[in-house]
Amino acid sequence: MNKSLQKELKIKGLPLSPGLAIAKVCMFNERRHSNLPMYKVRGEGIELEIGRVERAIEIAGNKLDEIKKQVAERIGNAEAEIFVAQKMIMEDTTLIEKVADLIKNHCVNAENAVSSVLDSYETRLQEVDNEYLRDRASDFGEVKRRILDVLSDMKPSLQCTDEKHCQRGKNRIIVAEELTPSLTVDLETELVLGFISERGGQNSHGAILARALGIPAVSGLPDFRKKVGCGTELLINGDSGEVVIWPSEETITMARVEHEKPILMPAASDPVLGLKVMANISLATDVKEAIHMKAEGIGLYRTEMEIIISGKLLSQEELYQRYSNVVKEMKGLPVTFRTFDVGSDKPFPFLNISHEQNPSLGFRGARLLLGKKDLLQNQARALARASIHGPINIMYPMVIDLAQFLELKTIVEEAIKDTPKGTIKHGVMFEVPSACLDAREILEHADFGSIGTNDLIQYMFAIDRNNEFVAYDYNPGRPALWKMIKIVADAGAATGKSISVCGELAGDPTYLSKIMNLGIKVVSVSSRLIPGIRNELNKECNLMKGEK
């Protein structure tokens, strides 16, 4: 194809892995299972199909062990754990039982059953209103493809693998529907220069591996595969997310010059009197960025993300290592651990939670912890051990009233009565209207409270943020919401208990003065938002000085 005849096209995507790549395209073959055999089985055929699934899982599991070893040697042990998580999903007894039941009850073949069960998990995760969880959806797709590869005697490949001109990815940019671990380490390619995918987030396992390998990657480009083909020339900027199809020589030169400039980290800003700005984190490793941004504590540690990323329930020792590292890094500043906030909206088979028609109103948060006390007890012991290294706060999610809070607190205190520990405070996440209305009564017994505005808005106004038909009604400026927040703030003032605000509202400078006018002196936001919040606070202070 004559490049001089092609028109340059610039597209903006989501940067996944930094770096600049300029090369021709190789298309990944993700439709290799599109024509799998689908047929009915009877009698002895049912057991034969179940046996095929079991053997395929065993072979695919052995392959994952090999990949884990290779990745550990080539990249590192942390990245190799990604494939341990995939194997945990693959060998999960609940998942295997669902596949076997489908074969028995619906008389379908192995390929049909494996696809149906794993597709259901993947689809449900893709619909969750949480980026970390959506990024885990690809793990189920990966597990499905690995099992199907064994059943059909296939392997990951490029679309043009069997053609003479195929470069097998050498000095090429690979284009795919989704950036997966198979794409980054399992595909038999050499010297891949970059990756482009139509979907996939920054926390996906494929993105993590691309960064570890130092390969530029960009995602978030719907229908991109329709715009290019094998041999199309591309420029991708993994720092900005810009992708250029058929880049001109001028564009290439400018990109190279720009890429050679030093990359500046976001400027940290000093704390400001009048409002403590803490950080929200999802993983223990996030604490580094919180410290860099001079966070005045960790206001929300979403502890369930550790088990979600790991793809398994972690042992007490594994939890302790993560929790204690965060406490040590914060050097005496407060760290608030939200206990596992999980439910059927986070469909991981190792949690063994039944699917619900309306998970937001079902078995999640506090209800789930009361129903699965062993989950809370194990976490409580890890938290108690971590408290030796510095003061911690334990916060319970989705609490609806005082009785529920007291029951959760009792379970934790009973679990850790024989565990050496330091200073521990117990608090409530105010995100259900009933708890907000009873805030005074609850705070007579709780040590602190935090207002989770994301869920509170959803429950107050009957809005599903994932539903495009009602998302327009998701408005944090509604007076009714601020009346509810005031009830909690006033209860905190009356009882002398600290109240903070977390969620998206806390990170929006538009609402900063409203929050402070209610007497709330603590907000907790994503680390990257801390400088902006403090800059806005300084502006408010300067305006007040000018008025005087």
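Only residues that are at pLDDT 95 or above and not in a helix (DSSP H, G or I) were counted in the stretch 365-390, giving 1.
Of the set (1) in a loop (DSSP other than H, G, I, E, B); (2) within 19 Å of the chain's Cα centre (by Cα); (3) modelled with pLDDT under 90, all apply to Phe340 but (3).
The residues of the stretch 519-535 that are of a type in the set (A, V, I, L, M, F, W, C) and more than 10 Å from Ala295 (Cα to Cα), listed by number, are Ile520, Val522, Val523, Leu529, Ile533.
Restricting the first member to the stretch 37-51 and to residues that are farther than 10 Å from Val108 by Cα, and the second to residues that are part of a loop (DSSP other than H, G, I, E, B) and at pLDDT 90 or above, the beta-carbon pairs closer than 8 Å and six or more apart or on different chains are Pro37/Asn109; Leu48/Val41.
Would you check if Pro347 is buried (at least 19 other Cβ atoms within 10 Å of the Cβ) and either modelled with pLDDT of 90 or more or farther than 23 Å from Asp418 by Cβ (or both)?
Working: buried (at least 19 other Cβ atoms within 10 Å of the Cβ): yes; either modelled with pLDDT of 90 or more or farther than 23 Å from Asp418 by Cβ (or both): yes.
Yes, satisfied.
Across the stretch 437-453, what is the total count of residues that are assigned to a helix (DSSP H, G or I) and buried (at least 18 other Cβ atoms within 10 Å of the Cβ)? Full working, then the answer.
Keep residues of the stretch 437-453 that are assigned to a helix (DSSP H, G or I), which gives 437, 439-443, 453.
Applying the additional criterion that residues be buried (at least 18 other Cβ atoms within 10 Å of the Cβ) yields 439, 442-443, 453.
So the count comes out to 4.
Residues in the stretch 241-279 that are modelled with pLDDT of 90 or more and under 28 Å from the mean Cα position of the chain (by Cα): 7 in all. Restricting Ala78, Ala85, Ala56 to residues that are surrounded by fewer than 16 Cβ atoms within 10 Å (Cβ to Cβ) and aliphatic (A, V, I, L, M) narrows the list to Ala78. In the stretch 485-512, the residues that are closer than 21 Å to Tyr474 by Cα reach residues that are of a type in the set (D, E, K, R) with C-beta atoms within less than 6 angstrom, at least six apart or across chains, in these pairs: Pro509/Glu536; Leu512/Glu536. I'd like to know if the stretch 117-131 contains one or more residues that are touching a strand residue (DSSP E or B) at 6+ places or on another chain (Cβ under 8 Å), of a type outside the set (A, V, I, L, M) and either at pLDDT 80 or above or outside the structural domain of Met90 (by TED's automatic domain parsing) (or both). Within the stretch 117-131 (the criterion being touching a strand residue (DSSP E or B) at 6+ places or on another chain (Cβ under 8 Å), of a type outside the set (A, V, I, L, M) and either at pLDDT 80 or above or outside the structural domain of Met90 (by TED's automatic domain parsing) (or both)), the answer is no, since none of the residues qualifies.
Rundown of residues vs (1) out of contact with any Asp or Glu (no Cβ under 7 Å at 6 or more places or on another chain); (2) assigned by TED's automatic domain parsing to the domain that holds Gln316; (3) of a type in the set (A, V, I, L, M), yes/no style:
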position: Lys421; (1), (2), (3): yes, yes, no
position: His426; (1), (2), (3): no, yes, no
position: Val432; (1), (2), (3): yes, yes, yes
position: Leu437; (1), (2), (3): yes, yes, yes
position: Asp455; (1), (2), (3): no, yes, no
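The values are calculated or read from the model by the stated rules, or taken from the named source; none is laboratory data. In this text, all values refer to a predicted model and were calculated from it rather than measured experimentally. Counting neighbours? That spans all protein chains shown, and the Cβs are built from the backbone with ideal geometry, glycine included.
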